[in-house]
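Here's the structure we're looking at; comments come further down.
The values are calculated or read from the model by the stated rules, or taken from the named source; none is laboratory data. Source: prediction; values computed, not measured. In this analysis, Cβ positions are derived from the backbone assuming ideal geometry, glycine residues included, and neighbour counts consider all displayed protein chains.
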């Protein structure tokens with residue numbers, strides 16, 4: 001569970017990472033929902049921390065978008 005008040009659960013998940021969507025679903029939320037009612041192992045927690053590394057993906061997507069914009073955007077066919 002992500003606790004926005006940061007009193008329980010995972011702490012320090014940036015909002016843009018929590019809100020990041022792939023294929024119409026929030027990656028972090030879906031990963032946790034798929035494990036609802038289960039006790040997370042140390043391996044699960046390590047894996048989730050890797051998933052939260054989406055921050056770097058989001059940053060790179062921004063850089064790519066900026067370069068595309070600098071070159072006039074996507075070509076129209």
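Can you find a residue in the stretch 17-39 that is in a loop (DSSP other than H, G, I, E, B) and touching a strand residue (DSSP E or B) at 6+ places or on another chain (Cβ under 6 Å)?
Of the residues in the stretch 17-39, the ones in a loop (DSSP other than H, G, I, E, B) are 20, 23-24, 34-39.
Subset that is touching a strand residue (DSSP E or B) at 6+ places or on another chain (Cβ under 6 Å): none.
No, the stretch 17-39 has no match at all.
Residues in the stretch 23-45: is at least one modelled with pLDDT of 90 or more, surrounded by fewer than 13 Cβ atoms within 10 Å (Cβ to Cβ) and closer than 27 Å to residue 73 by Cβ?
yes
Would you say residue 65 is surrounded by 10 or more Cβ atoms within 10 Å (Cβ to Cβ) and farther than 17 Å from residue 14 by Cα?
Numbers: surrounded by 10 or more Cβ atoms within 10 Å (Cβ to Cβ): yes; farther than 17 Å from residue 14 by Cα: yes.
Yes; evaluated as a whole, the condition is true for this residue.
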